[in-house]
Amino acid sequence: MEKLEFPEGFLWGAATSAHQIEGDNHNDWSEWEKSPERIAQLKKEGKDPADFISGKACDSYHRYREDFDIAKELGHNVHRFSIEWSRIEPEEGKFDEREMEHYKTLITDLRERGIEPMVTLWHFTNPVWFAKKGGFLSERSPQYFTRYVKYVVDNLCDRVGLWITFNEPSSVYGGFSYLLGQWPPQKKSFFKYLRVQNNFIRAHTLAYRQIKKIYAAIPPVRPGSSSTSHNIRAQVGWAENYRYPVVPWYLRWLGSIFTYFRFLRFLKKTAPYQDFIGLNYYTIARLPGSYDVLPRQAAVSIMGWEIYPYGIFHVLKSVAKFKKPVYITENGIADASDERRLKFIKDHLRWIHGSIAHGVDVRGYIYWSLLDNFEWSHGFGPRFGLAEIDFKTFKRTVRPSALEYAHICRNNMLEY
Ligand code: NOJ
C-alpha cells in the first residue's frame, strides 16, 4: 500500500447545483419539465412524469444547514454550489433582495463550518424572462448575464473568493440544448450552437472583468485592523466537461475537431480571462473505430458511462499547456448500492496524484455530488450522492463510501 500525499492546502469537497437540490425553482427548466410535450414524451417512453419533475428536489433551500453539517462531518474544506439566477432576478432588472440575503446567510453558515465556498453563477437554468428573449442566443445575453453577476458579486465579494461563471456551457449544455435538441430550449442547429458558444465566451469575458473590477475597488484589510471582513481576492474560472477521446489513428483529424468544439475553442478564446481551469471528468468519448483502440470497459455506470480513470490523467495533461491551476470541479458515479463509489474515487485520485507528480498544478478535488439529486433529463433515478436522499421524507443518510472519502480529505492523503 502506497501513501499518496496531496499538496499542502489542497481543497477537498463535493458539489451541487441550485436547480438539482433547492426545490421550488421557477425557471426555463421547471417550465419545460411540466410542459405537455415533455409529459407526453415521457409517457410514450413508459416513464412516470413525476420522477422527472424537480419539484421540491432535496428541499435544500430550507435544509442547507443540514447539508453543510454533513460536509463538515465528512472533513470537506471546500463546497461548490450554484446561485439560481431566476431567484435573484425573477423579472428583468428587478433584483430580489430577500433571495440575495438567503445566499448571504447560506455562505456565512458555510464559512462558519470552516468550509470555503466555490460559487457557480450559472448551472444550466435561466430565468423565464431571459429564456423568452432567446436565452444565450440573444445578442444581448452577455450584458444581461453580466448585470446579474454584478449584483451578486457586489453582495458577496466580502465572503466569496472562488467564482465559476458557467458550468459545462460548451459540451453539455450546448450539446444537449442546441446540437441534439434534447434539453430546453430544444433548438437543434449547429449554427445556433455556435452563436450560443460565442455569446457564452463574451459573457464569460465580460463577467470576469466585472468581477475583477469589483474586487479591485475593495481596500485591503490592514494587518491588525479590527475589520471582520475577509481579505479575499477573486479567482475566476469556468467549468467544462472533459472526456478522454478514444479514436483510431486514421481518424485523428476527427478527434481534433471533436476536442476543438468540445472545449479547446472556448479555452483558447477565454484563456486571458481565467485564473483557473474547472475540470469535470466522468468518462471517455468514443469516436468511430474506437473499439480497436480501447476495448469496452467492464465497468459501466447506470448512466451508460464507461469508467476509465486513466482518462482523467490524459485530460489533465492536455490542459496543462495553458499553465493554469486546475480544480477538479466534478467527478462522480451514479451508484445507488454504493458498491463502486469508493473504488471510483480512489482510482481517479490515484491518476490525479499522478498528474501532479507530472507537474500539473491541481489544487482541489470536488466530488459530484454531496447529495442524490435531480439529474436533469434523467430525473431522480441516478444516485450520485455521498449522502442518500429519501425524496419523500428528505431524510439524508451518509453512505459508507463518504466516510472513507472523509479519511482521504482529512489526511490529505490517499492510501492506494
Ligand atoms: C455534470 C453537471 O454539471 C451536473 O449538473 C450533473 O448532475 C453531473 N454532471 C452528472 O451528470
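The values are calculated or read from the model by the stated rules, or taken from the named source; none is laboratory data. Keep in mind the model is a prediction, meaning the values are calculated, not measured. Cβ coordinates were reconstructed from backbone atoms using ideal geometry, including for glycine residues, and neighbour counts include every protein chain displayed. What goes into the accessible areas is simple: the full protein's heavy atoms, side chains included, and nothing from ligands, DNA or RNA. Shrake-Rupley method; radii C 1.70, N 1.55, O 1.52, S 1.80 Å.
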Query - Per-peptide average of other Cβ atoms within 10 Å, ordering 166-176, 83-93 highest first - result: 166-176, 83-93
**Report entry** Per residue accessible area in Å² of the chain, where ligands, DNA and RNA are left out and the probe is 1.4 Å
**Finding:** 42 Å²
Query raised in the report: Hey, can you rank 112-118, 359-365 by average C-beta count inside 10 Å, highest first?
Result: 359-365, 112-118
Report summary line: With all protein chains present, the chain has a carbon and sulfur share of its accessible area (1.4 Å probe) in percent of 53 percent
Query raised in the report: Classify the chain: rounded, prolate or oblate, from the alpha-carbon gyration tensor (a ≥ b ≥ c, eigenvalue square roots; a/c under 1.5 rounded; otherwise prolate if a/b is larger than b/c)?
Result: rounded
Report summary line: region 267-330 and region 132-157 have their Cα centres apart by a whole-number Å value of 29 Å
Report task. With a/c under 1.5 counting as rounded, go ahead and sort region 11-108 into rounded, prolate or oblate using the C-alpha gyration tensor (a ≥ b ≥ c being the square roots of the eigenvalues; past the cut-off, prolate if a/b is larger than b/c, else oblate). Result -> oblate
Query raised in the report: How many nm separate the modelled label positions at ASP275 and VAL221, each set 7 Å beyond the Cα in the direction of the Cβ?
Result: 1.6 nm
Report task. Using per-residue counts of other Cβ atoms within 10 Å, averaged over each peptide, order 28-35, 274-281 from highest down. Result -> 274-281, 28-35
Report summary line: Candidate span helices, the chain: DSSP H, at least 30 Å along axis from Cα coords, Kyte-Doolittle average at least -1.0, result 190-216
